[in-house]
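Input: a single structure, listed below in structure tokens.
The values are calculated or read from the model by the stated rules, or taken from the named source; none is laboratory data. Bear in mind that the values here come from a model prediction, so they are computed numbers and not experimental data. Every residue, glycine as well, gets a Cβ built from its backbone with ideal geometry; the counts of neighbours run over all protein chains shown.
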Amino acid sequence: MNKLDLESTNIVEENIEKIGALFPNTVVETNEGLQIDFDLLKQELSKNIVEGNKEKYQLTWPGKKEAIVNANTPTTKTLRPLKDKSVDFDNTQNIYIEGDNLEALKILQESYLNKIKCIYIDPPYNTGNDFIYNDNFNKSVEDELKESGQIDEEGNRLVVNNLSNGRFHSDWLSMMYSRLKLARNLLTEDGVIFISIDSNESSNLKRICDDIFGENNFIVDFIWEKHKAPKNDNKYVTFNHEFVLMYGKSKELFNIIKDTRDDNNLDKFKNEDNDPRGVWISGPLLAPTFSSTTVYEIEKPNGEKILPPSGKCWAYGEEKYKSLVADDRIWFGKDGCNTPRIKRFLKELPDGIVPRSILFHDIVGGNQKAANELQKLFDNKKVFDYSKPVNMIKYLISKLCIKQDIILDFFSGSSTTAHSVTLLNSEDNGNRKFIMVQLPEKCDEKTEAFKSGYKTICDIGEERIRRAGKKIKEETNAGIDYGFRVYKIDDSIMKDVYYTPSDINQSQLSLFETNIKEDRTADDILTHVMLDLGLTLDLKVEEKNILNNKVYYVADNSLVACFDENIDINIINEICKCKPLKVVFRELCFKTDNDKINISERIKKLSPETEINVI
């Protein structure tokens, strides 16, 4: 029986919940309970910094508001395809982006909003030697920064965050905050993010994730056993683990794929005695707590009689033990001389086991395995430090990604995530797609990578995808997507306007015949248009020649585009046969305004539902 509270609906509480769903970081704890931080809410809705003086329980640091502004400020950057670096560009659905990941995340906002099922990132750990992004360089010192090597000619902003930096934690937090805010927008409602981190910033990372994703959407903080044998790399304690933080966008919608028998550590399952029940592992026959009723003498197959160790007892009573022996479930080793162990058969383990919070070295691999598998892939050359093991990322992805999902890594490094996705697809014939983002950070000329011809981290990551794909195909012959489309972040395709009409003379008018930069190709323009219209980069593009005009068909009739000068008006009849959802032309396509009107009217007549666009 429910007791009526005889009160009307608390509209304020409902509104706070609604605002919190959109902007989790604006919900704060006060003496009156949960409330909205209106200064932060104003900040979320503003392109400029909003000042506020109220003190509240919340995570803050110098630069937090600037980080929110950085995330909310639109970008004019775009992507340009690099077909010569790509593999099977016309058919693949995988994406590799060279450039600043903050800009990349902004560029992807419209096309990939709510479309990424899984994000895995391995960001800088902030050890005092890591490079981090600085997103707030003042233009007045740009030349000095270039000379010192802190940014390159393309404006990439990487600096070493030394422990002596007065904003050591703040700079790292600002870098991560703006990127995670944008990443959250890309996740599907049931999507998740995995973030590798060590103890230097693990506590702060969890705090900012609570802020961005909502504390209630925390799922687990995995412990990854990175060393099988601990290394003496600390004077206080020896660290042999790191963390993988996991958050969902909406935890109540998250559904993990539980382990099956086949997911268990098969390497440990053997059948040393050819038991007809199949492979098995053995465990100690000792009980966790002492009981005098299960202390008795056991005779080994070799005739030796033994008792449990002092203070210990057997796990079962003597009668139960005898029945286990009769059922061939006790193992004394091949020579019959070892301590008795109980056999557990793989076929008898239950399905639907929830994954454990500890990622054991024996199951997913450690640092050394990751280094070895990458070095072997590159002809025994050490081209990259501190990559993660393929099996670890593959395991995490396999717990939630079905065969058609998209996986994003915007700190992609050597492209372990892409390698993992390809391997997982080969195992279950999946069609998972990856998007890798990596700044083309220059390799040190003293490194083996540079000497082997890899000038940037992107060169290494792209080559790894090529080599891993080739190796997997040779080993499995799986009919999956081994290719990837490479794009680089660049300035807008549109010309900058620096002149007022009074500043222009007759000789300069030719500069304004087109609003698109002269060095941009039709492929560049098409990519920009697809992003601007919210189309994903993995869509199939078909190029046709119609009446001597080059026409692009994207995903059949999702978009039809022509960027030629002076198009033949009769191509409209052919274009409209497929009833395109959108068509795009350049201004230069039309000789006169009358041509533009005539073409528009003809499209409206032949395909009334088509949206007409001009660039």
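I need a count of the residues in region 311-352 that are of a type in the set (Lys, Arg), in contact (Cβ under 8 Å) with a residue 24 or more places away in the chain and surrounded by 15 or more Cβ atoms within 10 Å (Cβ to Cβ).
Keep residues of region 311-352 that are of a type in the set (Lys, Arg), which gives 312, 320, 322, 329, 334, 341, 343-344, 347.
From what is left, the residues that are in contact (Cβ under 8 Å) with a residue 24 or more places away in the chain are 312, 334, 341, 343-344, 347.
If we keep only those that are surrounded by 15 or more Cβ atoms within 10 Å (Cβ to Cβ) as well, we get 312, 341, 343.
Residues flagged as of a type in the set (Lys, Arg), in contact (Cβ under 8 Å) with a residue 24 or more places away in the chain and surrounded by 15 or more Cβ atoms within 10 Å (Cβ to Cβ) within region 311-352 amount to 3.
Here residue 412 passes the criteria (1) within 23 Å of residue 91 (Cα to Cα); (2) within 14 Å of the chain's Cα centre (by Cα); (3) not in a loop (DSSP other than H, G, I, E, B) except the one numbered (3). Summed over region 536-546, the residues that are more than 30 Å from the chain's Cα centre (by Cα) and either surrounded by 13 or more Cβ atoms within 10 Å (Cβ to Cβ) or among the basic types (Lys, Arg) (or both) give a count of 2.
Filter region 576-597 down to residues that are out of contact with any Ser or Thr (no Cβ under 8 Å at 6 or more places or on another chain) and surrounded by 17 or more Cβ atoms within 10 Å (Cβ to Cβ) and give me whichever is modelled with the highest pLDDT.
Among those that are out of contact with any Ser or Thr (no Cβ under 8 Å at 6 or more places or on another chain) and surrounded by 17 or more Cβ atoms within 10 Å (Cβ to Cβ), it is 584.
Screening residue 375 against (1) without any contact (Cβ under 8 Å) to a residue 40 or more places away in the chain; (2) surrounded by fewer than 24 Cβ atoms within 10 Å (Cβ to Cβ); (3) farther than 20 Å from residue 443 by Cα; (4) not charged (D, E, K, R) leaves a single unmet condition, (3).
Exactly one residue out of 103, 17, 55, 51 is assigned to a helix (DSSP H, G or I) and modelled with pLDDT under 90: that is 17.
Of the conditions (1) among the β-branched types (Val, Ile, Thr); (2) surrounded by 11 or more Cβ atoms within 10 Å (Cβ to Cβ); (3) under 47 Å from the mean Cα position of the chain (by Cα), residue 289 satisfies every one except a single condition; which number is it? Condition (2) is where residue 289 drops out.
For region 561-615, a residue qualifies if it is outside any helix (DSSP H, G or I) and of a type in the set (Lys, Arg), and the qualifying residues are 579, 582, 586, 591.
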